[in-house]
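Please read the structure below before turning to the comments.
Throughout, read-outs are computed from the coordinates displayed, never taken from laboratory work. Computed from a predicted structure; not experimentally measured. Cβ sites come from the backbone with ideal geometry, for glycine too, and all protein chains shown count toward neighbours.
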Amino acid sequence: MDAPTDSESSAPARRPVRQLTLPAPNWRRLATGNGVVPSGFPYRTVALGTIGSVLLLASSVGAAGILVHDPLIGTGPWSWLRYGHGRALATGVLYCGFGLVVWAWVRLGRYVLMHRVGVRSVLIAAGCWMAPLLAAPPLFTRDVFAYLAQGALLYQHDPYHSAPNVLTSIPKILPNVFPAWQSTPSPYGPVFLAIAKGLVTMTGDHPIAGVIVTRIALLPGLVLLVWALSRLVTHLGGNPAITMWLAVASPMTVIHLVGGPHNELLMLGPLALGVLLALERRHVLAIAVGTLAMLVKPTAAIALPFLVWIWANHLPDTQSKLSNFLRAGTASVTVFGIVYAAGTYVSLGSVTIGWLEGLEGPQQIVSWINLPTGLGQLAHVLTSLLIPVSQEPFVAAARGIAWLVLAGFGGWQWWQAREGGTTAVYHLAVTLIATALLAPPTLPWYLTWGFVIAAAFAWQARHLAVVVGVSVFMVLAYYPTGDAALNDPVIALVFLLSGYSGWCLLRPDPLGIVRSLRPTVEPRFVPRPRRAMTAPAPKKPEPVSLDQRQTSHSSG
């Protein structure tokens, strides 16, 4: 706002005050951070999301992944919540609670972009939104019952060659396992299976206690993830508050990873820590921690070849790049072999790679959210317009091509990472995201594999809006019971709501309500100090008529 000129100072003292028009924030600049100090704690936003989370807890007993035979309310006075109109009411309340959580998350994101809140506020908000869900039935999934069943397999069977349907020791847990997982071996790493066995040892055949204890057991992974990201962001150039907002306070973490719960939460912490250790030149420990992440969920193995490039580029330049790569690769394989052998032996009593066979089980899921599967289904639909054919060969062919594409793309990303450093981390994150999209199946929480690493980079605001839309869609793509909603016409509404959620991030008042209620701001003009130099004397102003003065005042 310019200060008044000398000619304006000769006008009458009583002048109408100009309205102050506040400029729109520079969202692109704000997304990368500019050192502005946060201005306060978003009490109302945190409370909004907490109310939504409490509604999720209250309604989940009737609308989420409830037990087949519930000893608490299955036959009690609250059993009406699970049937007919009672269940419809519970489902409606659950979606309202989810809507409040998303609303609060988007509002918090706007505050982060405007630098009104910092990392501490984001983490407190995420903790408040997660806390009520610790006691809720599984939300939008039933995988936790499969975790408990596969842990119970370790007592008498090999979980990589046997399926939960052979068990007789957990008659209360087994009926709650998703049917596809009852007859398939475990696809999880031996360390996680050992943890699951310990959980079953603690809770026995009590599914409610098993769900709650499993959530608590996964929380150390979340704490480790927060700790690693808070330091990783300094290497990757991101904004710490935005990183925590994306990776910790997101519905993907609050609803899926904690509300689910899912064992990705226990894998992502060591994965992020391994990347951090590699950038800080603690390479032996980085490979060891990355191997432990793989022993929780084999997907983390994709990160290890990228960590080799980082190690090779940290070696002295006295030798050729090929020599440094061979040295780093040999050392990495040695560390990997030792940690892998020790981890599998301690967990299972033997060294095995049986989890490779278990990876075939999840491929039974056929849904268009997986890109090659969706293309195969589309080809089948178009072909069926001409001749009646089965869908299976189309999906199988599309998936086969996708495996080749993924192998080529992953290899290219790995080669692009040969300079090491943050470039290697970027291509690592891209490869993990591509794996989640191209390798069948694609389940919503799989996108967190590479996304939590990508969250530590700098983001543009329009890309954050896309992330908001994708995150909301990836929750609503499944019903609260864990069944897929992808083939239901309601998915059109899901697309609409997801897009609107992303659109709201960049518009602090999407409905234009606050704008009409904003009071007029009357700033005080502070004269600009004169420069310390000799200036020509101002000219004497010419007389101004009354009409001219009124015109001048009205135009001001």
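Observations on the structure shown:
- Rounded if a/c under 1.5, otherwise prolate or oblate - the range 348-484, Cα gyration tensor axes: prolate
- Overall form of the range 283-375 per C-alpha gyration tensor (a/c, 1.5; a/b vs b/c): oblate
- Cα gyration tensor shape of the range 148-272, rounded if a/c is under 1.5, else prolate or oblate by comparing a/b with b/c: prolate
- Residues HIS69, HIS427, HIS314 arranged by fewest to most Cβ contacts within 10 Å: HIS69, HIS314, HIS427
- The fewest-to-most ranking of THR330, THR344, THR431 by surrounding Cβ atoms within 10 Å reads THR330, THR344, THR431.
- Report note on the peptides 436-449, 359-372: ranked by the mean count of other C-beta atoms within 10 Å, highest first, their order is 436-449, 359-372.
- The distance linking the range 245-268 with the range 148-198 is 23 Å (Cα centroid to Cα centroid, whole angstrom).
- For the range 139-262, the relative contact order comes to 31 percent (Cα pairs under 8 Å, sequence separation of at least 6).
- Protection proxy ranking, peptides 463-473, 494-504, average beta carbon neighbours within 10 Å, highest first: 463-473, 494-504
- Inter-part distance where the range 71-134 and the range 340-385 are each reduced to a Cα centre, Å: 31
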